[in-house]
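The values are calculated or read from the model by the stated rules, or taken from the named source; none is laboratory data. As the structure is a computational prediction, the values presented were derived from the model and not from experiment. Virtual Cβ from ideal backbone geometry, glycine too; neighbours counted across all protein chains shown. Just the protein is used for accessible areas: all its heavy atoms, side chains included, with ligands, DNA and RNA removed. Shrake-Rupley method; radii C 1.70, N 1.55, O 1.52, S 1.80 Å.
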Amino acid sequence: MSGTRTTARGWHRRGFLGLTAGAGAAALLGTSACGAGGTSGGGSSDAKTLTVACEGGGKTELQPVVDKFQQATGTTVTLVELPYEGLFNRLTSELSSGKPSFDVCAIDAVWIPLFANKLAPLDGLFTDAVKADLFPALVQEAQVDGHFIGMPVWTNSEILFYRKDLFEDPGEKAAFQKKYGYPLAPPTTWQQFTDIATFFTRPQQKLWGTDVKGAVETEWLAHVLQAGSPGVILDDNGAVIVDNAQHVAALAFYADLNNKHKVAPTGAAQTDWNAAQNLFNQGQTAMTRFWAHAYRQIPKDAKVAGKVGAAPMIGGTAGVAGIPGPWYLSAPKGGAKADLAQKFIKAAYDDNALSIDTTLGLAARKSAYQQYAAKPGFESFGPLLATLNASATRARPATPHWQRIVDSVLVPTIQKALTPGADYAALLRAARTQIEGIVK
């Protein structure tokens, strides 16, 4: 078995589950679970048992749903918890063999193109009412060749976190108004974001306006959508569009924060999610674009504890946009317990709001987030709803080559761009050639 990755460099692989507490415990549990999970012929043999394979953070999210399902149906549900790579390897091996040891499995969004032809259609679960209560990007992503093969159970997106103690300080407000001619408030546009980041960059005070994350690709891709691109990296027909005008504009905005405006701490090329989160929690950045679930996980002893505001992701010419980070529940094609598996997947949708009371505190249904959005402590949910519902928000492209594209092309390209004098258009033309060689 492969061990779990505890660094945020793996966030792009693990959606939003990569920065959860207890990663070491998850790895240990995953190791012990590798020999568990029912028979080798397609899940557990007992008609009143169900085996669900999931990633470490997913167990936390699913447990309340499991508890209610067991009570309501008398079914014993076993959650087989694996580290991210362990889950991927197990799904790859057992779905290919046609003899899965699980009846239901949690699927990272980026795995859907890889496993789609081994998963059972769930079309009957996707009524008009169900689709209306899910974010449009997730409904689109769940479909392959005209069939729904995964039910979203939780999702996330980057939103904007900002230091309320700075933004609401009368002296800061007056100084900003005098310098820029408009009120200091959470930015909604690229220009406002740049102005505010510039205003709060004070290296002598160990304070910077924001961070630039060169070691991950998702943030730049969100800006690509904000610029109005019809997709990220590939269009809907699979053509490579990484060098179109919107990708170039987004890379220029992103890299110029570091190269031209110098509003981020040094070492941007190696800054990942963990580093950015630490910088913000320690009070060294005034703003960060970050996954919404982190709002409720700010340590009580952090310098910014109790001083953080949340707002929708900033917007470019196409407005607000984000890259969703969802996970889905699916069932293996030809599984011996297809009906019971679908019954559990439906329960996970019906009782989706139960997951909000877990450590991660995420859901997939709009109504689940809306139930909590006005409650104290859940101030990130309104911005998350606005970002996921934005018309320019889209899922990552449905290609089995996605991870190779990310690791071998996108992240290295962003890192090269974070050098003063970099030719952004030339870098993306080179990236296009590389990607075309991968997807051909």
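Report yes if some residue within segment 222-240 is in contact with a Ser or Thr (Cβ under 9 Å, 6 or more places away or on another chain), within 17 Å of Trp273 (Cβ to Cβ) and among the aliphatic types (A, V, I, L, M); otherwise report no. Yes, segment 222-240 contains at least one residue that is in contact with a Ser or Thr (Cβ under 9 Å, 6 or more places away or on another chain), within 17 Å of Trp273 (Cβ to Cβ) and among the aliphatic types (A, V, I, L, M). Taken together, the residues in segment 118-132 that are open to solvent by 20 Å² or more (accessible area, probe 1.4 Å) and in contact (Cβ under 8 Å) with a residue 24 or more places away in the chain amount to 5.
Based on this model, can you work out whether Gly74 counts as loosely packed, with under 15 Cβ neighbours inside 10 Å, out of contact with any Phe, Trp or Tyr (no Cβ under 9 Å at 6 or more places or on another chain) and modelled with pLDDT under 95?
Spelling it out, it is not the case that Gly74 is loosely packed, with under 15 Cβ neighbours inside 10 Å, out of contact with any Phe, Trp or Tyr (no Cβ under 9 Å at 6 or more places or on another chain) and modelled with pLDDT under 95.
Cβ separations smaller than 8 Å between residues 6+ apart or across chains give the following pairs from segment 55-66 residues that are at pLDDT below 95 and assigned to a helix (DSSP H, G or I) to residues that are of a type in the set (S, T, N, Q) and open to solvent by less than 10 Å² (accessible area, probe 1.4 Å): Glu61/Ser355.
For segment 342-380, filtering for residues that are of a type outside the set (D, E, K, R) and within 16 Å of Leu79 (Cβ to Cβ) leaves 9. Among the residues of segment 384-394, are any out of contact with any Gly (no Cβ under 7 Å at 6 or more places or on another chain) and under 17 Å from Ile435 (Cα atoms)? Checked segment 384-394: no residue is out of contact with any Gly (no Cβ under 7 Å at 6 or more places or on another chain) and under 17 Å from Ile435 (Cα atoms).
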